[in-house]
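Reviewing the structure listed below.
The values are calculated or read from the model by the stated rules, or taken from the named source; none is laboratory data. Please read all numbers here as calculations on a predicted model, not as lab measurements. Note that we place each Cβ from the backbone using ideal geometry, even for glycine, and neighbour counts take in every protein chain shown. Please note that ligands, DNA and RNA were not included when accessible areas were found on the heavy atoms of the full protein model with its side chains. Shrake-Rupley method; radii C 1.70, N 1.55, O 1.52, S 1.80 Å.
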Amino acid sequence: MKSEFQHLIDLSDYPVSWWQNVVELGEEIKNNPEKFAHECDGKIMATLFYEPSTRTQMSFQTAMIRLGGQIIGFDNPANSSVAKGETIKDTTKIVSSYADILVIRHPIAGAAKAASLTADCSVINAGDGGHLHPTQTLTDLLTLKIEKKTLSGLTIGMCGDLLNGRTVHSLCKALSMFDNNFIFISTKELGMPAYIKDIIKANGSRFEEVNTLEEAMGRLDVLYMTRIQQERFASEEEYLAQKNTYVLDRKKMKLAKKDMIVMHPLPRVDEIAVDVDDDSRAMYFTQAKYGVFVRMALIMTMLKEKKSSVTLKGKVYGKVKCDNPKCITNHEAHLPKSFITCGDETLLECEYCDERKLI
Ligand code: NCD
């Protein structure tokens with residue numbers, strides 16, 4: 001399967017210099033937004049949101065409008081032909097013939113990649129299940145660049161649902177390229193997936209795992225809090241057992257360095273007490289604001305990019321299927337079940353959702 005357009009499914013599809021250029025352009029836009037007001041005159045962006053969203057969807061829409069472009073799309077698939085059983089393949093095929101750029105959020109891992117295989121315009125992944133969220137990472141990189149003045153040599157604590165949180169997966173993959181130290185703060189049930197830990201090591205960064213915020217607090221330059229991802233749990237009981245485990249409050253903030261910053265992709269449920277909001281180190285609302293500038297930069301970059309042919313990189317192994325029930329290949333039958341080998345040919349990684357299996 002071949003697509004003739006440039007997509008953003010995972011930041012690791014691009015060299016680090018590419019993301020740095022997007023982040024730098026985002027900073028330039030922040031400092032002088034008027035200069036970019038007509039960059040996308042006459043262009044249309046479609047936002048297909050199969051899952052709830054406030055910041056990602058509205059910041060993308062704001063970004064396109066501020067660039068002079070227009071928007072179409074849905075934020076509730078129940079109001080589209082999805083409710084009649086239309087596949088992602090058909091929906092994206094049609095909508096991509098109306099728009100110049102398509103932004104998709106979907107509850108199933110690998111959905112954006114699947115959309116990119118048949119779309120007739122560029123596709124941006126705005127979150128695919130518990131898998132990846134590359135545009136949140138661009139937002140986070142811009143926040144770090146502005147607020148910490150560096151992307152490297154940092155000690156970054158990531159706390160909460162590290163198993164299902166797509167924001168921390170994408171962010172670890174990116175920040176591990178810049179020689180950083182990670183401290184993962186989670187319960188053993190919600191720890192960082194093995195494939196992300198392998199990437200961190202392969203990229204030359206380091207991680208350790210702890211169970212409490214107190215163990216890490218004093219060492220951190222950045223604390224990245226996350227919500228327990230209720231919608232990804234198999235049962236209410238499993239969610240309730242994890243809820244409220246980590247709550248950042250003023251007392252814990254006293255243990256932190258004076259220049260540590262607190263980030264959170266938002267929405268927050270109860271993992272950050274509201275009285276932390278007044279602390280000058282709380283950066284999450286500013287972070288959400290920066291999301292508009294970096295998405296303006298991303299839209300401009302994607303629309304300027306020359307077309308290039310993108311294909312699946314892996315191989316189909318006969319009848320071998322992905323074992324992840326939340327992988328798009330188990331929902332849209334037409335997709336080639338493509339795998340990439342890890343090490344030897346007996347360990348395969350699904351090219352859509354990164355789930356591993358031994359054959
Ligand atoms: C995150 C998401 O959707 O993954 N939110 C966002 O995009 N800013 C985080 C979350 O929902 O917990």
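What's the FRET efficiency of V247 with R281 using the Cβ-Cβ distance as r and R₀ = 22 Å, to the nearest 0.05? Working from the Cβ atoms, E equals 0.85. Only lysine pairs 8 or more places apart or on separate chains count here, and in the stretch 131-221 those with Cα atoms under 17 Å apart total 4.
With a Förster radius of 35 Å, plug the Cβ-Cβ distance of R219 and K35 into 1/(1 + (r/R0)^6) and report the FRET value to the nearest 0.05. Computed FRET efficiency for R219 and K35: 0.30. With the cut-off at 1.5 for a/c, could you classify the stretch 315-358 from its C-alpha gyration tensor as rounded, prolate or oblate? Prolate shape, in that a/c is at least 1.5 and a/b is the bigger ratio. Among Q6, M177, F233, which residue has its Cα furthest toward the positive end of the charge dipole of the chain, with +1 on Lys/Arg Cβ and -1 on Asp/Glu Cβ? Of the listed residues, the answer is Q6. Partnerless cysteines in the chain, where a partner means another cysteine C-beta under 4.7 angstrom, comprise C40, C121, C159, C172, C342. On the basis of the beta-carbon distance and an R0 of 22 Å, Y98 and T311 show a calculated FRET efficiency of 0.35.
The alpha carbon centroids of the stretch 41-94 and the stretch 162-191 are separated by 28 Å. Normalised by the residues of the chain, what does the relative contact order come to in percent, with Cα pairs under 8 Å and at least six apart? Value for the chain: 19 percent.
For the chain, would you read off the P(r) tail past 37 Å as a percentage of all alpha carbon pairs? Above the 37 Å cut-off, the chain has 16 percent of its Cα pairs. Quick one: net charge around D198, please, counting Lys, Arg +1 and Asp, Glu -1 for every other residue with C-beta under 12 Å from its C-beta. For residues surrounding D198, the net value is +2. Scanning residues 5 or more positions from F184 or on other chains, those with amide H under 5 Å from its amide H are M158, E208, E209, V210, with H placed 1.01 Å from N in the peptide plane. Residue-wise HN-Hα couplings along the stretch 143-149, as the Karplus relation 6.51 cos²θ - 1.76 cosθ + 1.60 with θ = phi - 60° gives them from phi, are 4, 5, 4, 6, 8, 10, 6 Hz; Gly and Pro carry x. Based on the convex hull around the alpha carbon atoms, the stretch 53-183 presents an average projected area of 9.1 nm².
Considering only Cα atoms, the convex hull volume of the stretch 147-288 works out to 101 Å³ per residue. Each Cα pair of the stretch 3-59 feeds into the Kirkwood radius, which the Stokes-Einstein equation turns, at 25 °C and 0.890 mPa s, into a diffusion coefficient of 173 µm²/s. Around the amide H of A282, modelled in the peptide plane, lie the amide H atoms of V262, all under 5 Å away and 5 or more residues distant in sequence or on another chain. What pairs in K43/K113; K113/K313; K30/K289 have C-alpha atoms more than 19 Å from each other? Flagged as over cut-off: K43/K113.
Among the protein heavy atoms, those of E214 account for about 100 Å² of accessible surface (1.4 Å probe, every chain in place). If only the Cβ of Lys and Arg carry +1 and only the Cβ of Asp and Glu carry -1, the dipole of the stretch 110-167 around its Cα centre is close to 220 debye. Annotation: amide H-H contacts under 5 Å for I71 (H modelled 1.01 Å from N, sequence separation of 5 or more, or interchain): M45.
Overall dimensions of the stretch 1-113, expressed as equivalent-ellipsoid semi-axes from the Cα gyration tensor (√(5λ), whole Å, largest first), are 26, 18, 14. Under the convention that each Lys and Arg Cβ holds +1 and each Asp and Glu Cβ holds -1, the size of the dipole of the chain around its Cα centre is about 440 debye. In this label model, K201 and K257 are separated by 2.7 nm, measuring between points 7 Å along each Cα→Cβ vector.
Dividing the summed helix terms, -39500 (n - 2.57) for each DSSP H run of n ≥ 4, by the number of residues in the chain produces a 222 nm estimate of -9500 deg cm²/dmol to the nearest 500.
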